[in-house]
Amino acid sequence: MQLQRAFIISFIEGGVLMAYEIIASKLYTPLIGGSIYVWTSILSITLFGLALGYKKGDDESKGVSRLFFALIVAGLYILVIPYIYKFMLTPFLGFDIRILSLLTGLLILFVPMYLLGQVSPILIRLISTEHHTKIGYNTGRIYFVGTLGGVFLSLLFIFILLDSFGVKNLLLFLASLLIIAGLISKFKQDNEKL
């Protein structure tokens, strides 16, 4: 995979991951509150999904096809969340806040976090294999770019765009970015193998 494409995908993935975690909380905190239980659940489910995704992304039998799948499905999941989250959460609203906050996090956050957690390990493996560079060097570069994406898109979406565009529109935009990243992952250069 071309390095520039890997960095673009990493930037988008890191940015969407962080921005989605924060913006998605705006969907359900009006329903269940913003207590320490809710925020602990948000952070814990995010990290749990990422941890499992990192492990799955380490599967060497898949490459660009797994990357494409993870980005597209995460994008589609985020795309439908603004339309279905109330139906998903309503049956659980009478539960204890600790159980409710964990269930809410699982339903809203887990799937995209699991899928996005797969992206960095796949990118690292692809660029390390194809460019014959050290894995540690590439790991640092991919996580650097992804983390910068997280900082940049979070600040842009939350500090600047949220008041003007609202939660639903920003989630649709984040979903679109992931779908675009998935399509970018499939572009093949003449000197590349899929």
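Here are a few things to note about the model shown:
- Taking every Cα-Cα distance in the stretch 57-145 and sorting them into 5 Å bins starting at zero, the pair-distance distribution P(r) comes out as 2, 13, 18, 17, 14, 11, 9, 8, 5, 2, 1, 0 percent.
- Taking the Cα centre of the chain as reference, the dipole from Cβ charges on Lys and Arg (+1) and Asp and Glu (-1) amounts to some 180 debye.
- Base-10 log of normalised Debye intensity for the stretch 28-84 (one unit scatterer per alpha-carbon) at q = 0.14 Å⁻¹: -0.57
- Most mobile listed residue (Ile36, Ile124, Ile81) in the chain, GNM with C-alpha springs under 10 Å: Ile36
- Dipole of the chain computed with +1 at Lys/Arg Cβ and -1 at Asp/Glu Cβ about the Cα centre; of Phe48, Thr133, Leu116, farthest Cα towards the positive end is Thr133.
- When the alpha carbon gyration tensor of the stretch 1-110 is reduced to an equivalent ellipsoid, its three semi-axes come out at 29, 14, 13 angstrom, largest first.
- Debye equation applied to the C-alpha atoms of the chain, log10 I(q)/I(0) at 0.11, 0.19 Å⁻¹: -0.49, -1.26
- Between Tyr54 and Leu148, residue separation times 0.36 nm minus the direct Cα-Cα distance comes to 32.0 nm.
- Largest GNM mean-square fluctuation among Ser101, Ser65, Ser154, using the chain with Cα springs under 10 Å: Ser65.
- Full-stretch length increase - Phe165, Thr133 - with 0.36 nm per residue and alpha-carbon distance subtracted: 7.3 nm
- Residue range of the chain that is longest and free of GluC sites (Glu not before Pro) which are both DSSP loop and sparsely packed (at most 15 other C-beta within 10 Å): 61-191
- Here the contact order of the chain, divided by its residue count and restricted to Cα pairs under 8 Å and six or more residues apart, works out to 47 percent.
- CD proxy at 222 nm, helix term only [per DSSP H run n ≥ 4: -39500 (n - 2.57); per residue of the chain; nearest 500]: -27000 deg cm²/dmol
- For the stretch 26-73 versus the stretch 135-172, the inter-centroid distance based on Cα atoms is 15 Å.
Laboratory data are not the source of any read-out in this text; all were calculated from the coordinates shown. What you see is a predicted model, and the numbers here were worked out from it, not measured in a lab. Cβ atoms come from the backbone with ideal geometry, glycine included; neighbour counts cover every protein chain shown.
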